[in-house]
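Since the structure comes first, as structure tokens, the remarks are kept for the end.
No value in this document is a laboratory result; all are computed from the given coordinates. Source: prediction; values computed, not measured. Cβ placement follows ideal geometry from the backbone for every residue including glycine, while neighbour counts extend to all protein chains displayed.
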Amino acid sequence: MPSTSKSSVKKRILSGVQPSGIQHLGNYFGAMKGHVELQQSGMESFIFIADLHSLTTVRDQKKLKDMVINLALDYLAIGLDPDKTVFFRQSDIPEHAELTWVLNCVTPVSMLEQAHAYKDAVTKGSKDATAGLFDYPVLMAVDILIYKPDIVPVGKDQKQHVEIARDIAGKFNRIYGDVFKLPEPMIHELRGFVVGTDGVNKMSKSYGNVINMFADEKVIKKQVMGIVTDSTPVEAPKNPDMDTVFKLYSLFAVEDEKKSLANKYIAGGFGYGDAKKLLLEKMLEHFKPFRDERERLCQNLDFVKDILKTGAQKAREFASATKAEVWEKVGLNI
Ligand code: ADP
Ligand code: TRP
């Protein structure tokens, strides 16, 4: 019997990742790396692929399948250990959709009207402001509440969704009696965001200013060489703190390496092209074990699918235990 009770000693931490395309350095440093490090936290860690949420934006069967499998490959390649983290696909657990209906029935429409994603879509006059997008926060609340985690690490943009989950949990508990635990959001602010290759915006698929750590080396080279820099000539001294190449290099380098590169900038006679070459080298060296592992996993997709299935079996024990409690409380259990 899974320990869904409050007496469980180990804290539980859970997060979901919506498949949305090829991952980049912003995703890696801003979310993925932290998710994987959770398995060292001594807490029970759950990470899942939120493919039901992707249906709000992806309407292409092949694309969705590719995105899901690629995201699984990315996480396993960077070190997610399925023996330490319960790693699964949301749609493998039917209780997510089932409980969403029940929680829909206690969620005020006014609460969902305040949710950013839906509000933005309506403001932009989008024809894609579907019922699914409107209900996105309730599905996300279920994703969280069904596993009774203590902590939910999310990016800043998702904080509101965790607050909505807490509100829905509180409302349900008040009406029917205590079932759900109110989770705490853990906002990963990083040391600021990862800057994009345009040097202006945060790295994001929507700005097309990304470096994809699992792309072909040729593509990565093109992305790195395309980083926008100022026009200070090679001979002149440069300010490393103002430069995008240096900022990206700093994500990988240890203190001594950073200092050594900064000194080259300050001394002059060192061009941005030279800095880009160092960044490329450093980055490829950093990701080499991950890239090799991903390559190996790509040849074993059945193995990857089995990992997700095993993760789903473990997750389902928790989900079905919570569902049974909810069904009992609301009277669906005659
Ligand atoms: P994109 O902006 O490319 O569509 P997503 O919105 O899918 O990226 O991001 C998924 C996660 O990765 C979020 O939790 C977000 O916090 C993190 N992330 C994305 N881009 C960055 C960035 N440039 N810097 C830091 N974190 C980022
Ligand atoms: N909406 C989250 C995002 O876009 C993904 C997500 C779905 C999630 N369900 C979740 C995150 C539950 C944390 C907990 O990033």
Once the range 217-295 is represented by equal point scatterers at the alpha-carbon sites, with solvent omitted, what log10 I(q)/I(0) does the Debye formula produce at q = 0.24 Å⁻¹? -1.15
Run the simple label-point estimate for PHE193 and VAL9 please: 7 Å along Cα→C-beta, distance reported in nm. 4.3 nm
Given 284-290, 317-323, the highest-first ranking by average Cβ count within 10 Å works out to 317-323, 284-290
Potential lengthening between ASN239 and LYS277 on full extension [0.36 nm per residue; Cα-Cα distance subtracted]: 11.9 nm
The Kirkwood hydrodynamic radius of the chain, taken as the inverse of the mean 1/r over all distinct Cα pairs, in Å, comes to 21.7 Å
What 222 nm value per residue comes from the helices of the chain, counting each DSSP H run with n ≥ 4 as -39,500 (n - 2.57) and dividing by all residues, nearest 500 deg cm²/dmol? -16000 deg cm²/dmol
Take GLU328, project a point 7 Å from its Cα along the Cβ direction, then tell me which residues of the range 143-160 have their backbone nitrogen under 18 Å from it. 146-148
List the pairs from LYS159/LYS288; LYS181/LYS205; LYS202/LYS282 whose alpha-carbon separation is above 25 Å, in the order I gave them. LYS159/LYS288; LYS181/LYS205
What FRET efficiency do you get for VAL200 and LYS309 if R0 is 41 Å and r is their Cβ-Cβ distance, rounded to the nearest 0.05? 0.40
Highest to lowest packing among 50-58, 32-40, scored as the average C-beta count within 10 Å: 50-58, 32-40
For the range 1-123, what is the charge dipole size about the Cα centre, in debye to the nearest 20, if Lys and Arg each add +1 at the Cβ and Asp and Glu each add -1 at the Cβ? 160 debye
Students often check this: by mean Cβ neighbours within 10 Å, which of 80-86, 107-113 ranks highest, and how do the rest follow? 80-86, 107-113
Charge dipole (the chain, unit charges on Cβ, about Cα centre) - positive-most of VAL152, THR229, TYR207: TYR207
Just report the Cα centroid separation between the range 96-126 and the range 267-304, whole Å. 40 Å
Looking at the chain, what % of its DSSP beta bridges pair antiparallel, to the nearest 5? 5 percent
